[in-house]
Amino acid sequence: MASHGVPRVAETAQRTEAQRLEEERQIREYRDLEELISAKIAERQYTLEVLELTSKLLKKNPEYYTIWNVRRRLLIYGLFSKPSDSSSHLTASPNSSLTDTTKASSENSSSSTITTSGASTTTPQNPAFPNRGRNGTTLDLIRGDLEFLFPIMVKYPKCYWLWNYRLWLLQEANESLESDIARELWNRELILVGKMLVKDSRNFHGWGYRRKVVSELESPKLGGRSMVESEFEYTTKMIHGDKGLSNFSAWHRRSKLIPRLLDERNASDETRRQFLDDEFELIISAMYTDSYPYQQSAWFYYQFLMTTLTDYVGHGSITPNFTPEDRAEYVTRQLVILKDMLDGAEDCKWIYNALIDYTMALCRMEERKPDLDERQDCATWLAELRKLDPDRSGRWDDLEKSLRD
Amino acid sequence: MSLVSGPGRAGGNALPDELQLVIEPHVKYIQSLDTRKDELEYWLTEHLRLNGLYWGLNALHLLNRPDALPRKETIDFVLSCQADNGGFGAAPGHDAHLLYTASAVQILAMVDGIGELEKRGKEGGAMAVGKYIADLQNRETGTFAGDEWGEEDTRFICCAFVGLSLLKLLNLVDLDKAVDYIVSCANFDGGYGVAPGAESHSGQIFACCAALTIARRLDKVDKDKLGMWLSERQVEGGGLNGRPEKLEDVCYSWWVSSSLSMIGRLHWIDGGKLSRFILNCQDPENGGLADRPGDMVDVFHTNFGLAGLALLEFDGLEEVDAAYCMPKKVVERVLGPEYYNYS
């Protein structure tokens, strides 16, 4: 998408004549390739040769989504259905040309797209399940394509179409290969996405892809079972990784896994209480080290933990059987910890903000108005917030109003 | 419309103390974009052409220069991108996708050309476009796929609602289900991600808030929590980032502040500081805006930077609608004055 973070190297230098000619040549080459693919597809040449041509083009321009779609059609209407000798020219269904976009599109599974495409022609086999088994060309093609994609993804890790195409390939594998073979492919994806997240531990495409891969590997159709324990461990590893505690992507994932993790462990009330204590301990000790009390990722995770106590309806809870008194006790304890934390971090706005939020939350939980001390404390903390963070003065104005009500 | 970046570079040190919005250079920059066919990048960005036309045209409208691109050629180009299934691709011959279909409808709305769909569009006119969009709804979950290949993302709900509402065909889809789906994407921090379980991201938050605005269901948003998270996107220098601990970028001047505006909390950030950051991303001589001062300008950041300024009611810019990212005037002309009188 456009140019993100591309510094301008030299002042709008005029191209030399040689550079101009070279660029002209590159444009010609690129457009010739485009036209060649178009012409071959118009002739319904669904061959490996054309697949190669699309590879060449996509290496030059991985954002060219229509060519990724051409590639999908080459595979499902031609190549997947062929015997291993795939040099012959097959006539595909007349509907499946470049412009065939008539299929029911709200359906997720690409197998449904295949079966509705009207296999009424000379295509030799039902293209949906041509080579169900271990040695078919379908597996080779999928494997080959996954390998082709990897270096492009490393180079363009934020290109939506790449992640999307990759997922489509694997879903094709689910449809046309035996489940143990498909599972093997998905397993390798977990390693791949691990590598991608090592390169950029905040890449949200990567985290999203990981979620999908895991949910496939857990699914009964691939003979899977829950991976919540290993995924939880993964977030622990990431939190202690390069971006460390400022890796909010990892904290976020952790927040989503915890309720399920405890359910699947059949955790007792006592275990859950201990779990919550440990998570508080983890985040608070993090805040005491390095510069973390000033980093917002840690505070948002802290907010998550507090939310399970204060807004316990509607959010995955850690301690569902806590009584209102238990909850109030925990919040009170946190208020003490926060006040202690101010010592030496008097310039940390996050602490003041948390103190006000959770003092007010405690009053709501106990269905009472703030007492005089609490009101005075809040006023003092609010004054600090205004001083430390004048950019958000409009927010502090609204907060002040809400304190008055 | 070219998506080629440059030639300009955003200022940073050469700007005078008193920052100004340059208008004429931006207009010229956008007008020049389609003349750069001798650059390889022009061809490499063809997959964004229709979006690019929307970005450029919207920027021109906000600059009060709606006629700076020729109307007839604009409509001709949009219609040339329509596929047989009613949807629009990025350029002629490219496959239809919701991302471009929404841009096509927005462009037609801006040039008062929606009626051209009946006259010169594919058979079925506006209804063909509406049906294309409606067929992409997953009727079980309520969400939308981007195209026939099934990728789902909350951005596509926004594209669908923008397109359908401007065509007055929202009745073709199950709004309640789509709204429920958006609610299922909400996180503890009040934000939204690409799908249930995904991390909050300002771009997705914009998409979800815009969809909820159009569906009149902003009551579903936890406005204080979301407002707090969004306001923390403003960094020291005044710019906004998209997620915690990321770099600021001019495009988030739009995604974040429009979301804050939709939930009534735009005053939770420092608008003056943000304006200065955006102005610093201009190339005052050659026109255009970049993601950050010192980087290459492009039409994407030009649009979203100017839209951010317009939202902050910067002097000399048209009022912008936070959900549609189009001039309010246009939205009002298409949807009628009652759209803004809704309570």
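Scanning the range A:175-211 for residues that are more than 14 Å from every other protein chain (Cβ to nearest Cβ) and either touching a residue at least 60 places away in the same chain (Cβ under 8 Å) or of a type in the set (Gly, Ala, Ser) (or both) yields A:Ser176, A:Ser179, A:Ala182, A:Gly194.
Conditions (1) within 26 Å of B:Ala322 (Cβ to Cβ); (2) in contact with an Asp or Glu (Cβ under 7 Å, 6 or more places away or on another chain), marked per residue:
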position: B:Ile23; (1), (2): yes, no
position: B:Lys37; (1), (2): no, no
position: B:Leu40; (1), (2): no, yes
position: B:Leu44; (1), (2): no, no
position: B:Leu48; (1), (2): yes, no
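Comparison of B:Glu148, B:Glu199, B:Glu140 shows that the only residue that is surrounded by fewer than 24 Cβ atoms within 10 Å (Cβ to Cβ) and either under 28 Å from A:Arg166 (Cα atoms) or modelled with pLDDT under 95 (or both) is B:Glu140. Would you check if there is a residue in the range B:274-297 being touching a helix residue (DSSP H, G or I) at 6+ places or on another chain (Cβ under 9 Å), at pLDDT 95 or above, surrounded by fewer than 22 Cβ atoms within 10 Å (Cβ to Cβ) and within 30 Å of A:Lys401 (Cβ to Cβ)? Checked against the condition, which is being touching a helix residue (DSSP H, G or I) at 6+ places or on another chain (Cβ under 9 Å), at pLDDT 95 or above, surrounded by fewer than 22 Cβ atoms within 10 Å (Cβ to Cβ) and within 30 Å of A:Lys401 (Cβ to Cβ), the range B:274-297 yields at least one hit. Here A:Leu399 clears all of (1) away from every other protein chain (no Cβ under 14 Å); (2) within 37 Å of the chain's Cα centre (by Cα) except the condition numbered (1). Filtering the range A:29-59 to residues that are of a type in the set (Ser, Thr, Tyr) and in a helix (DSSP H, G or I) leaves A:Tyr30, A:Ser38, A:Thr54, A:Ser55. A count restricted to the range B:60-89 and to residues that are in contact with a Phe, Trp or Tyr (Cβ under 9 Å, 6 or more places away or on another chain) and over 21 Å from B:Glu118 (Cα atoms) stands at 0.
If I filter the range B:274-292 for residues that are facing another protein chain (nearest Cβ under 10 Å), under 24 Å from B:Tyr324 (Cβ atoms) and touching a Cys at 6+ places or on another chain (Cβ under 8 Å), do I get at least one hit? Yes, the conditions are met somewhere in the range B:274-292. Looking at the range B:1-24, can you tell me whether even one residue there is crowded, with 16+ Cβ neighbours inside 10 Å, at pLDDT 95 or above, within 14 Å of chain A (Cβ to nearest Cβ) and not in a loop (DSSP other than H, G, I, E, B)? No.
Examine the range B:256-264 for a residue that is within 14 Å of chain A (Cβ to nearest Cβ), of a type in the set (Gly, Ala, Ser), within 29 Å of B:Leu167 (Cβ to Cβ) and assigned to a loop (DSSP other than H, G, I, E, B), and state whether such a residue exists. Yes: one or more hits. Does A:Ser393 satisfy the criteria of being over 28 Å from A:Asp326 (Cβ atoms), among the hydroxyl-bearing types (Ser, Thr, Tyr) and surrounded by fewer than 18 Cβ atoms within 10 Å (Cβ to Cβ)? Yes; evaluated as a whole, the condition is true for this residue.
B:Val183 falls short on exactly one of the conditions (1) farther than 26 Å from B:Ile114 by Cβ; (2) not in a helix (DSSP H, G or I), and that condition is (2). Considering B:Leu247, B:Leu230, the condition of being crowded, with 23+ Cβ neighbours inside 10 Å, within 13 Å of chain A (Cβ to nearest Cβ) and under 24 Å from A:Ala298 (Cα atoms) is satisfied by B:Leu230 alone. Whether any residue in the range B:298-314 is surrounded by fewer than 24 Cβ atoms within 10 Å (Cβ to Cβ) and in contact with a Lys or Arg (Cβ under 8 Å, 6 or more places away or on another chain) is what I want to check. Checked the range B:298-314: no residue is surrounded by fewer than 24 Cβ atoms within 10 Å (Cβ to Cβ) and in contact with a Lys or Arg (Cβ under 8 Å, 6 or more places away or on another chain). Residues that are in contact (Cβ under 8 Å) with a residue 24 or more places away in the chain, among the β-branched types (Val, Ile, Thr), surrounded by 21 or more Cβ atoms within 10 Å (Cβ to Cβ) and in a helix (DSSP H, G or I) occur at least once in the range B:209-221.
Counting only helices (runs of 4 or more DSSP H) that fall entirely inside the range B:29-131 and contain at least 2 residues that are facing chain A (nearest Cβ under 10 Å) and without any contact (Cβ under 8 Å) to a residue 12 or more places away in the chain, the qualifying elements are B:40-44.
The values are calculated or read from the model by the stated rules, or taken from the named source; none is laboratory data. No experiment lies behind these values; they were computed from the predicted model shown. Reconstructed Cβ throughout: ideal geometry from the backbone, glycine too, with neighbour counts over all protein chains shown.
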